Amino acid sequence: MARMPVGEDLRFIKTHMIAYRALYQLCKSHTLSLVHPSPQQVVRRDSAPSVLAMSKQIRLGILTPSSNTALEPLTFQIVASVPNVSVHFSRFPVTEISLSAKGLAQFDHSVIMQAAQLLADAEVDMIGWSGTAAGWMGFEGDEKLCETITKATGIPATTSVLALNKALDIFKVKKLGLVTPYLDDVQESIMKNYNAIGIEITSETERHLRMVKNSDIALVGEDVLETLVGQVVEGGAEAVSTFCTNLVAAHKVELWEAKYGVPVLDTVTTVTWDMLRQCGVDTKAIKGWGRMFQET
């Protein structure tokens, strides 16, 4: 390799000396250290007080049906304005919504628990089941699931349906408008379960689309949903639930509330709302996603 002339050697050394001095001054002015910390300086996550404790990251873990393509982007958007909150997802197999043996077996707790354990590995602060199966299978199923998750992982849990029921109580709703994509018998089971707890759903305040394949549900258009919401409000609903976490509906809630004058409780939104509240987050910071965040 050819040698550079002596003059160029000196210029090269001088240039690098200037760069090193600048770096030294930068480190000094920002109290940075370029040496390895001593054992006493190492910050442990479980030590307090610490830098990590000062900027606590809240991790929300969401249980997700495998064929669902709506809830993840919607959930990310809902929490986007909240500092230090991240959302993490774990899937388990769900492809159809029906009362068949196959359809019901998808929601066996042993299957869901495998996905919950993966979220626990990430040390999330709360686990939420973003799904509505308890609507037709019974609310006690979600209560039992939450107990099982917490017992196995030590992490508190909630679900879209249990959170919806909390919101209905807060808003003192006695006549609910139910908008779903589900089959006739699935819809009838949901109506029966709500009527049993004193929440009236009638033929005038329900609409459903008779769909079974879950991946197709995310393709339902906003104009279709808006029509159905309007119809159940005309039927006398005091509040409306877009009751399926694969409906692309949550981002329209504020518009529908303004247009129809009643709370609209989307089930992607309900579980996110409840998780944030239980983690101590002031949900009023979340604007544009409906009255539930602002009035509870």
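A count restricted to the stretch 112-123 and to residues that are within 20 Å of W136 (Cβ to Cβ) and exposed (fewer than 14 other Cβ atoms within 10 Å of the Cβ) stands at 0. Taking first residues from the stretch 205-226 that are farther than 12 Å from T242 by Cβ and modelled with pLDDT of 95 or more and partners that are of a type in the set (D, E) and open to solvent by less than 60 Å² (accessible area, probe 1.4 Å), the Cβ contacts under 9 Å between residues at least 6 apart in sequence or on separate chains come to V212/E96; K213/E96; N214/E96.
Among residues of the stretch 278-292 that are surrounded by fewer than 16 Cβ atoms within 10 Å (Cβ to Cβ), those with a Cβ under 7 angstrom from a residue that is assigned to a helix (DSSP H, G or I) and not acidic (D, E), sequence gap 6+ or separate chain, pair up as K284/F293; K284/Q294.
Looking at this structure, is S241 within 20 Å of A70 (Cβ to Cβ), buried (at least 24 other Cβ atoms within 10 Å of the Cβ) and modelled with pLDDT of 95 or more? The answer is yes for S241.
Taking the criterion of being among the hydrophobic types (A, V, I, L, M, F, W, C) and in a strand (DSSP E or B), the residues of the stretch 237-269 that qualify are A239, V240, V264. Taking the stated definitions as given, is A196 surrounded by 23 or more Cβ atoms within 10 Å (Cβ to Cβ) and either in contact with a strand residue (DSSP E or B) (Cβ under 7 Å, 6 or more places away or on another chain) or of a type outside the set (D, E) (or both)? Criteria not met by A196. Across the stretch 150-185, the qualifying residues are those that are part of a helix (DSSP H, G or I) and more than 24 Å from the chain's Cα centre (by Cα), and the one among them that is surrounded by the fewest Cβ atoms within 10 Å (Cβ to Cβ) is D184.
Just the residues that are charged (D, E, K, R) and within 23 Å of V94 (Cα to Cα), please, taken from the stretch 211-247. Hits for the stretch 211-247 are K213, D216. Contact annotation: residue pairs with Cβ atoms under 7 Å, 6 or more positions apart or on different chains, pairing a residue in the stretch 66-94 that is without any contact (Cβ under 8 Å) to a residue 60 or more places away in the chain and open to solvent by 20 Å² or more (accessible area, probe 1.4 Å) with a partner that is part of a loop (DSSP other than H, G, I, E, B) and among the aliphatic types (A, V, I, L, M), are S66/V94; H88/A122; H88/V124.
The values are calculated or read from the model by the stated rules, or taken from the named source; none is laboratory data. Given the structure is predicted, the values throughout are model-derived calculations rather than measurements. Here the Cβ is made from the backbone with ideal geometry for all residues, glycine too, and neighbour counts use every protein chain on show. To get the accessible areas, we keep the full protein, side chains included, count just its heavy atoms, and leave off ligands, DNA and RNA. Shrake-Rupley method; radii C 1.70, N 1.55, O 1.52, S 1.80 Å.
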